[in-house]
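Chemist: Structure in structure tokens, see below.
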Ligand code: SAH
């Protein structure tokens with residue numbers, strides 16, 4: 001469990017910066033070409049988002065547990081989804097699955113306005129105490145069920161789902177602007193296909209299919 005309480009010091013050493021540069025190089029080699037996304041990953045100390053027990057391996061390209069049975073996504077996956085969103089500064093982006101808030105901070109580094117929802121109260125409460133998030137005052141955090149989206153703040157230019165959806169949630173499609181895009185892993189428990197949906201009109205959508213990934217499930221309802 002990540003523990004933000006107490007006297008934890010947030011320090012970004014030369015060693016950690018160096019490991020992060022290597023991580024960015026490895027993500028580039030795996031096929032990420034969007035330099036803005038790579039710069040965002042380079043700018044964010046990922047070890048801040050992890051329990052101190054993982055500090056030494058925070059820059060390995062893999063997912064880690066963040067408590068409550070959830071994970072911080074693999075950096076390659078974060079970069080992959082961020083690249084597919086084709087973000088432009090000041091866009092309104094809805095993220096489903098705040099988790100550690102790492103992906104939300106990557107989005108904020110890309111200068112978009114982030115609205116992020118988490119269904120687990122304990123994770124939501126942890127993020128409230130996370131000091132690093134004050135670097136990104138434009139991120140808005142919500143405790144709720146991502147299947148409902150955020151009708152009050154809709155429509156969104158982009159929607160990013162960071163949990164495995166059994167199918168595309170209808171309400172999230174409704175909350176997209178015409179011309180807006182949703183990036184979402186859709187499939188079963190074990191493996192999901194990354195999809196990018198573009199909203200052509202209120203009733204027409206274009207769907208593109210990308211690689212397979214494995215996310216934790218997108219579950220209905222809030223958990224207290
Ligand atoms: N974006 C996160 C990845 C978190 S893993 C990060 O960068 O760390 C997926 C997260 O989605 C988990 O925290 C899980 O609790 C959350 N989640 C699953 N179903 C959800 C739903 N219906 N609404 C909101 N969050 C959900």
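The values are calculated or read from the model by the stated rules, or taken from the named source; none is laboratory data. Not measured: the values here are computed from a predicted model. Ideal geometry is used to build each Cβ from the backbone, glycine not excepted, and the neighbour counts take in all protein chains shown.
Chemist: Take residue 158 and tell me if it is touching a residue at least 24 places away in the same chain (Cβ under 8 Å), within 17 Å of residue 78 (Cα to Cα), over 14 Å from the mean Cα position of the chain (by Cα) and crowded, with 19+ Cβ neighbours inside 10 Å. Talk me through it step by step, then tell me what you get.
Modeler: Details: touching a residue at least 24 places away in the same chain (Cβ under 8 Å): yes; within 17 Å of residue 78 (Cα to Cα): yes; over 14 Å from the mean Cα position of the chain (by Cα): no; crowded, with 19+ Cβ neighbours inside 10 Å: yes.
So residue 158 does not fit the description; no.
Chemist: Considering 130, 141, 156, which residue is at pLDDT below 95 and more than 11 Å from the ligand (Cβ to nearest atom)?
Modeler: 130
Chemist: Kindly list the number of the only condition in (1) buried (at least 17 other Cβ atoms within 10 Å of the Cβ); (2) part of a loop (DSSP other than H, G, I, E, B); (3) touching a helix residue (DSSP H, G or I) at 6+ places or on another chain (Cβ under 8 Å) that fails for residue 150.
Modeler: Of the numbered conditions (1) buried (at least 17 other Cβ atoms within 10 Å of the Cβ); (2) part of a loop (DSSP other than H, G, I, E, B); (3) touching a helix residue (DSSP H, G or I) at 6+ places or on another chain (Cβ under 8 Å), the odd one out for residue 150 is (3).
Chemist: Would you confirm, using the coordinates I've provided, whether residue 52 is more than 15 Å from the ligand (Cβ to nearest atom) and out of contact with any helix residue (DSSP H, G or I) (no Cβ under 8 Å at 6 or more places or on another chain)?
Modeler: Values: more than 15 Å from the ligand (Cβ to nearest atom): yes; out of contact with any helix residue (DSSP H, G or I) (no Cβ under 8 Å at 6 or more places or on another chain): yes.
Criteria met by residue 52.
Chemist: Using beta carbons and a limit of 7 Å, which pairs, at least six apart or on different chains, have the first residue in region 67-80 and within 18 Å of residue 39 (Cα to Cα) and the second one within 9 Å of the ligand (Cβ to nearest atom) and at pLDDT 90 or above?
Modeler: Pairs found: 73/63; 73/103; 73/162; 74/63; 78/102; 78/103; 78/106.
Chemist: Among the residues of region 103-120 satisfying the criterion of being more than 10 Å from the ligand (Cβ to nearest atom) and assigned to a helix (DSSP H, G or I), which is surrounded by the most Cβ atoms within 10 Å (Cβ to Cβ)? Break it down into steps so the answer makes sense when it comes.
Modeler: At the first step, the residues of region 103-120 found to be more than 10 Å from the ligand (Cβ to nearest atom) are 108-115.
Cutting the leftovers down to assigned to a helix (DSSP H, G or I) gives us 108-109.
Details: 108: 22, 109: 19.
Looking at residues that are more than 10 Å from the ligand (Cβ to nearest atom) and assigned to a helix (DSSP H, G or I), I get 108.
Chemist: Within region 1-88, which helices (runs of 4 or more DSSP H) (wholly inside it) include 2 or more residues that are more than 30 Å from residue 207 (Cβ to Cβ)? Steps first, answer last, please.
Modeler: Values: elements: 14-29, 35-43, 75-84.
Filter on region 1-88 gives 14-29, 35-43.
Chemist: Which one of the conditions (1) in contact with a helix residue (DSSP H, G or I) (Cβ under 8 Å, 6 or more places away or on another chain); (2) at positive phi does residue 33 fail to meet, given that it meets all the rest?
Modeler: (2)
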